[in-house]
Every structure is written in C-alpha cells, then in structure tokens.
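Participant: Here it is, the structure in full.
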Amino acid sequence: MGRTICIVSQKGGVGKTITAVNLAAALASAGQRTLLIDCDPQGSATASVGIHDIKTGQAFQRAFQETDLAAEVIAHSCLELLKVIPAPLEIMQNDAIPISMVGKERFLHALLARFRTDFDYIIIDTAAAPASFLAVNAIITSDSVLIPLQCELLAFQSLRHTLRTLICIKKKHHLKIKLAGVLLTMYDRGEDISERIVRSARKHIRHRLFETVIPRSTQLRESASFGRPLVVQNAASSGAQGYFQLTKEILAKGKG
C-alpha cells in the first residue's frame, strides 16, 4: 500500500507546491510508483507538470460525486512512473460546496482506496489553508504531513500556527497521522536571516527537521513555466539536487 504524504503550510510562498512537485518527480525518478495529487483549486502543481486541460478538474468534481469514476481523474506526466490527479475546479472550495456535500471530509480517502495499492508513494499538495475542505480531505487520507519552512522570520513564526491547526484536525477526526518532518526551504547561504532561522530551527525543533535544506533557487521558481519539475528539467542544478537528497531521506525513513 502506498505511503501518503501531505504537504501542508499555513503560510503561502514557502515552497509548498515546488516541494510537492519535485519530491513526487524525484521519487518517480528513483523507481517509485508515484501519484501526485493537486488539492489546491489554483492548480499550481497541475500546471507545473504540464497539465492545462480544464476537463481534468471536471473529472475530479465528478469523482467527488461518484467514486466509481476514480480512474478518470488520473493523468500521465513526463515521467513513466509519475501519475497525477490534477486540481479540482474552484467549486470544490469551501464556500462553493453544495449543502448536500458538506461533511464529506473523507471523500478523497474513499477515492484513493480504489487504487492506493497501485502506488508506492502518494504526494498531496494543498492550499495554504490547512483547515479548508480539500486540505482536511488530504490530511485525513495521509499517513504523514511534511511542512516546508521558508528560511525567513514570518514563516518560522507561522510554523506554530500550522502545527496547532494540524493537532486540532488530528483530534477532531481521530487520526493517527504523523509528522514526516519540517523541511527548510529557500535557504540563502551566508545571508544573516537564513543562518539565524537554520540555527533556531536546529535548536528548537531539531528532532522534527529533515537534514536536507533546500536552497533558494531561481530555477526552482521558474521551472513551473516549463511544465516540468526541475528534477527533470535540470537534474544537476542545486535546487534539484536538494530534492533528490530529500527523497533519499524519505526512502531511508520508509525502510526504517
């Protein structure tokens, strides 16, 4: 059965989608059958792997209403072992969900039950709102959560809020979900604030940190415009190498 990791952060702009896309692609490159699920109606992860067809979002919505249509939501990517469930339409956001659908926080869990065994890893990207309808669905169906932490003060301060939200969701829905780890992102070597955040994180949350630190990279930001993850577009770049290293950590933990 595939290990499901949800990428979560209460703060936007911390590298959440970049992490979801490149981690999924790096896992696939490592020979793992991987499914990337875009649970953010903005569709950034979907676009980052080159999928732009609105019909894919319509398929997600139909599957929400009838899980027998689960197979219709899976799309192919540039990697043979990486499949994608593209972003749903905006109707799937909290304020647009029909009354008859309210309370169906486990729809994604039911959807994945039909093909979870077909994958080694399932990576889920979410919007910067962990308590939203789709994010709660994603958290409920996951084995663990990964929190990207941008090496900046405001992002570090928001980590506490993200953890509190996750604890509340875990208690409310009686989940056994674990913290896969906190990933330091957008690190500028030699920059004072970056160095301070790394030191503080290693002092206060060291047992929750991944050893991998993702550097700030223009190529990572721009890779979405090519419709290919950076680990595919330029595997030798520092940003891509960071996600390959993260993948090694996750695979090692999975075997432990």
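Participant: Given K104/K248; K16/K253; K11/K178; K172/K248, which pairs have Cα atoms separated by over 30 Å?
Facilitator: Pairs exceeding 30 Å: K104/K248; K172/K248.
Participant: Calculate, for I193 and K170, the FRET efficiency according to 1/(1 + (r/R0)^6) with r their C-beta to C-beta distance and R0 25 Å; round to the nearest 0.05.
Facilitator: For R0 = 25 Å, the calculated efficiency reads 0.20.
Participant: Same structure, new question: Tell me whether the stretch 117-189 comes out rounded, prolate or oblate; compute the Cα gyration tensor, take square roots of the eigenvalues as a ≥ b ≥ c, and use a/c under 1.5 as the rounded threshold.
Facilitator: Oblate, since a/c reaches 1.5 and b/c is not below a/b.
Participant: Go through 16-24, 112-120, 222-230, 136-144 and give me the packing order, highest mean Cβ count within 10 Å leading.
Facilitator: 16-24, 136-144, 222-230, 112-120
Participant: Ordered by residue, what ³J(HN,Hα) values in Hz, to whole numbers, does the stretch 105-119 give under the Karplus form 6.51 cos²θ - 1.76 cosθ + 1.60, where θ = phi - 60° and Gly and Pro are x?
Facilitator: 6, 10, 5, 5, 4, 5, 5, 6, 4, 7, 8, 4, 6, 7, 10
Participant: At 0.36 nm per residue, minus the direct Cα-Cα distance, what do A252 and Q157 gain on full extension? Give it in nm, one decimal, please.
Facilitator: Value of the extension gain: 31.3 nm.
Participant: What does the charge count near V84 come to, summing +1 for each Lys or Arg and -1 for each Asp or Glu among other residues with Cβ under 11 Å from its Cβ?
Facilitator: Cβ neighbours under 11 Å give a net charge of -1.
Participant: Still on this structure: Applying a 10 Å radius around every beta-carbon, put 236-245, 193-202 in order of their mean neighbour count, most first.
Facilitator: Highest to lowest by the protection proxy: 236-245, 193-202.
Participant: What length, rounded to one decimal in nm, is gained on full extension from Q245 through to T117, with 0.36 nm per residue of separation minus their alpha-carbon distance?
Facilitator: Gain in length upon complete extension: 43.5 nm.
Participant: To continue, here is another question. Working from the pairwise distances between different alpha carbons, so that the mean of 1/r is found and then inverted, what is the stretch 204-243's Kirkwood radius in Å?
Facilitator: One over the average 1/r among Cα pairs gives 11.0 Å for the stretch 204-243.
Computed from the coordinates by the stated procedures, all read-outs in this text should not be read as laboratory data. It should be emphasised that the depicted structure is a prediction, and the values quoted were computed from it without experimental measurement. As a convention, Cβ positions derive from the backbone with ideal geometry for all residues, glycine included, and neighbour counts pool all protein chains shown.
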